[in-house]
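Since the structure comes first, as structure tokens, the remarks are kept for the end.
The numbers here are math on the coordinates, done by the rules we state, and not lab data. Not measured: the values here are computed from a predicted model. Neighbour counts are summed over all protein chains in view; Cβ atoms, including those assigned to glycine, are modelled from backbone coordinates with ideal geometry.
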Amino acid sequence: MRMSLGKASVHARKQKSLAKCHTLPHAETVEPRVRFNSAMQTPVLVLNASYEPINICGARRALVLVLKGVAKTEEEQGAILHAARVRMPMPSVIRLLEYRRIPHQTRALSRKNILLRDRNTCQYCGVVLHSSELTLDHVQPRSRGGLSTWENLVAACHGCNRRKGNQLLHELQDMKLMREPRPFSLHTSRHIMRMIGHSDQKWRKYLYY
């Protein structure tokens, strides 16, 4: 009975320590001179056990995976996280310790993912805008039978969206798509990872630059 209670006590202390690291107060600092909130949101490249890049997550999530023993840090940012019981280097790249089978299509159809796929670029005039300045356009308008699918939704600036209106592209002489809209693919995901991590030299060898 004593051994059982002792193991339960150790387990409870570990869980409490993990919870503290996951919910550090704003007063905690990250060195050198990195604010806690911004550091926790820093993108981290996630590799499968085979070193294949599979995702990007925030530094907070990456730290939790490392603390739980699910992943290990492969590359560091240079900043240090100080918590009550833990002093850890902030990861830049982590690798899962067990291989995870990743479905071919893991992206949900959403406004955010359409804008990611189209790189925040209007697919009619080519202008790059902030996401708040873009809208989604149905290539074949809904009023004319168009569906909300990867192949029928594109990012568009408000001007092009109004100009196109309820018309089909073959009815317009001065508007055409920059590229054919397609679902997310491995190539698309890898390209997005490269865009997000282009300023981090540590990502390059994993993204096959």
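A few comments on the model shown:
- Neighbourhood charge, 12 Å Cβ-Cβ cut-off, centred on residue 185 and excluding it, Lys, Arg +1 and Asp, Glu -1: +4
- Straightening the chain between residue 87 and residue 187 buys 32.3 nm, computed as 0.36 nm per residue apart minus the Cα-Cα spacing.
- Each Lys or Arg adds one and each Asp or Glu subtracts one; over the other residues with Cβ under 12 Å from the Cβ of residue 117, this totals +3.
- Taking amide H positions as modeled 1.01 Å from N, with prolines and chain starts lacking one, the residues under 5 Å from residue 79 and 5 or more places away or on another chain are 90.
- Virtual spin-label span in nm between residue 158 and residue 173, 7 Å along Cα→Cβ: 2.9 nm
- Three-way shape label, the range 87-168, alpha-carbon gyration tensor, a/c 1.5: oblate
- Sorted by Cβ density within 10 Å, fewest first, the residues 171, 76: 171, 76
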